[in-house]
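Here the structure comes first, spelled out in structure tokens, and everything after it is commentary.
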Amino acid sequence: MTTPSQTVGPYLSIGLPWPDGPDVVAEGVPGAFRLHGVVTDGAGDPVPDALVETWQADPAGRFDHPDDPRGAVSGFRGFGRCPTDDSGRYAIRTLKPGPVPGPDGVPQAPHIDVSVFARGLLHRVVTRVYFADEEAANSADAILAGVPAARRATLLAVPDESGYRFDIRLQGDDETVFFAI
Amino acid sequence: MTTANRLTVPGYRRDEAGTHPPLLSPGYKSTVLRAPSQAPLLLPHTLTEVTGPLLGEGRVTADDADLTHHAGGEAQGQRIVVHGQVRDSDGRPVPDTLVEVWQANAGGRYLHKWDQHDSPLDPHFTGVGRGITDSSGRYRFVTVKPGAYPWRNHHNAWRPAHIHFSLFGRAFTQRLVTQMYFPDDPLFPHDPIYNSVPEAARHRMVSRFDLSSTVEEWALGFEFDIVLRGREATPMEET
């Protein structure tokens, strides 16, 4: 029987941030961009006490992990972690992941798994970042196809001047699609 | 396992109903505007979900498991040893996994700009600790027992003493953040966060007084085992 989840509470920044947490890759790595956005609540107000964590494959679609049956490829951390600031903003420096095989052997569209923790969230909420400029891959993705069309845009990171913008709306109009995992 | 065009990976078991608190738990007021209103969609466990960050090496030193020394002095309060095993729901230990903890000091005050509780900070206590489970999935911290503290959720609201725990396991599906409580806390019936968890599961968040890990004339011992999700049976290769 698994241990129940509890909220991170308002003081998560005592225990969870790391100086290099937001750096999936170091500054200056070719192809690196900022994945960034704002976390908002059901009133549209920013959430200044949240933590955003990301997990993803490398640009070739591989993981540095022994359970990848294709063999682990070392050297890519794949993990990012950033607390939100007083304006509810987070930013992760990373690379676009390559295609990862899906359940039916069909490659999935490039995606990043995201966990959001916050005061007032008794359990993490999980979502996925897809990329708005990967239209062909997105239209063939089985998981995106299972998301009601009207809500699909909440999962798309949109290119901007520093990388990609991905806002997370916990509740309300245009609520981000969250997944049961 | 790979076949010509198929990659089969065993997923992780989904948590049973009755394990986790509902995201909307109105007694805990902060949930009201933060809990998503739409039901989550079921995400199949693909390679992205059955892998996860394997962190810790180079990130944790032996000193990080002792919270009682900081800035050249010793923390105030009841010194305790907190230890336990991290395992999955099949009973298998989870070795080499990062365990992060944070907590209030003995007077119930966090070292945080937003905590204005009228109780002194302790210059020798930051309240943050880190460790890595050993080959048997075991971890051990030395700290002081955190105090209860008021939190303004409702009239005369006090949180029972607790230590925040964050765990990764070995897969994205296993990620868990929880709180460890102390046995027989009289504040349990009054705490909407503790009580947000279905009643039958609450005891899994409560540590056990453990005389065998108590260090004579030095520290009391508490044991807290943490259970992450287990794997589904390995699927048979299709022929």
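Quickly run through region B:150-184 and pick out the residues that are more than 18 Å from residue B:29 (Cα to Cα) and more than 18 Å from the chain's Cα centre (by Cα).
B:184, the sole residue that qualifies.
Can we say residue A:112 is more than 11 Å from every other protein chain (Cβ to nearest Cβ) and not in a loop (DSSP other than H, G, I, E, B)? So that I can check it myself, show each step before the final result.
Working: more than 11 Å from every other protein chain (Cβ to nearest Cβ): no; not in a loop (DSSP other than H, G, I, E, B): yes.
No.
For every residue, the table says whether it meets (1) without any contact (Cβ under 8 Å) to a residue 60 or more places away in the chain; (2) closer than 21 Å to residue A:121 by Cα; (3) crowded, with 20+ Cβ neighbours inside 10 Å.
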| residue | (1), (2), (3) |
| --- | --- |
| A:28 | yes, no, no |
| A:31 | no, no, no |
| A:36 | no, yes, yes |
| A:44 | no, yes, no |
| A:48 | yes, yes, no |
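Spot the failing condition for residue B:135; the list is (1) surrounded by fewer than 19 Cβ atoms within 10 Å (Cβ to Cβ); (2) within 14 Å of another protein chain (Cβ to nearest Cβ), and only one is missed.
Condition not satisfied by residue B:135: (2).
Just to be sure before I move on: is residue A:152 modelled with pLDDT of 95 or more, closer than 20 Å to residue B:41 by Cβ and at the interface with chain B (Cβ under 8 Å from one of its Cβ atoms) in the structure I sent? Before the answer, list the steps.
Working: modelled with pLDDT of 95 or more: yes; closer than 20 Å to residue B:41 by Cβ: yes; at the interface with chain B (Cβ under 8 Å from one of its Cβ atoms): no.
No; evaluated as a whole, the condition is false for this residue.
Could you check residue B:233 against (1) more than 14 Å from the chain's Cα centre (by Cα); (2) surrounded by 17 or more Cβ atoms within 10 Å (Cβ to Cβ) and say which number it fails?
Only one criterion in (1) more than 14 Å from the chain's Cα centre (by Cα); (2) surrounded by 17 or more Cβ atoms within 10 Å (Cβ to Cβ) is unmet by residue B:233, namely (2).
Can you pull out every residue in region B:8-54 that is surrounded by 14 or more Cβ atoms within 10 Å (Cβ to Cβ), more than 7 Å from chain A (Cβ to nearest Cβ) and in contact with a strand residue (DSSP E or B) (Cβ under 9 Å, 6 or more places away or on another chain)?
B:8, B:10, B:11, B:12, B:13, B:14, B:45
Residue A:66 - would you say it is outside any strand (DSSP E or B) and either touching a helix residue (DSSP H, G or I) at 6+ places or on another chain (Cβ under 8 Å) or at pLDDT below 95 (or both)? Give the steps one after another, and end with the answer.
Values: outside any strand (DSSP E or B): yes; either touching a helix residue (DSSP H, G or I) at 6+ places or on another chain (Cβ under 8 Å) or at pLDDT below 95 (or both): yes.
So residue A:66 passes the test.
So which of A:120, A:71, A:98 ends up being assigned to a loop (DSSP other than H, G, I, E, B), at positive phi and surrounded by fewer than 18 Cβ atoms within 10 Å (Cβ to Cβ)? Working first, answer last.
Details: A:120 fails: surrounded by fewer than 18 Cβ atoms within 10 Å (Cβ to Cβ); A:98 fails: at positive phi.
On inspection, the qualifying residue turns out to be A:71.
Conditions (1) in contact with an Asp or Glu (Cβ under 9 Å, 6 or more places away or on another chain); (2) among the hydrophobic types (A, V, I, L, M, F, W, C); (3) surrounded by fewer than 23 Cβ atoms within 10 Å (Cβ to Cβ), marked per residue:
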position: B:56; (1), (2), (3): yes, no, yes
position: B:76; (1), (2), (3): yes, no, yes
position: B:89; (1), (2), (3): yes, no, yes
position: B:101; (1), (2), (3): no, yes, no
position: B:139; (1), (2), (3): no, no, no
position: B:142; (1), (2), (3): yes, yes, yes
position: B:146; (1), (2), (3): no, no, no
position: B:165; (1), (2), (3): yes, yes, no
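Among (1) within 11 Å of chain B (Cβ to nearest Cβ); (2) over 19 Å from residue B:174 (Cα atoms); (3) in contact with a Ser or Thr (Cβ under 6 Å, 6 or more places away or on another chain), there is one condition residue A:6 misses while meeting the rest; what is its number?
For residue A:6, the exception is condition (2).
Does region B:110-120 contain any residue that is crowded, with 17+ Cβ neighbours inside 10 Å and not in a loop (DSSP other than H, G, I, E, B)?
no
Report the residue count in region B:52-83 for those that are part of a loop (DSSP other than H, G, I, E, B) and touching a helix residue (DSSP H, G or I) at 6+ places or on another chain (Cβ under 7 Å). Show your work before the answer.
Keep residues of region B:52-83 that are part of a loop (DSSP other than H, G, I, E, B), which gives B:52-61, B:67-68, B:71-72, B:75-78.
When the remaining residues are screened for being touching a helix residue (DSSP H, G or I) at 6+ places or on another chain (Cβ under 7 Å), the result is B:52.
Residues flagged as part of a loop (DSSP other than H, G, I, E, B) and touching a helix residue (DSSP H, G or I) at 6+ places or on another chain (Cβ under 7 Å) within region B:52-83 amount to 1.
The values are calculated or read from the model by the stated rules, or taken from the named source; none is laboratory data. Given the structure is predicted, the values throughout are model-derived calculations rather than measurements. We place every Cβ from the backbone using ideal geometry, glycine too, and count neighbours over all the protein chains shown.
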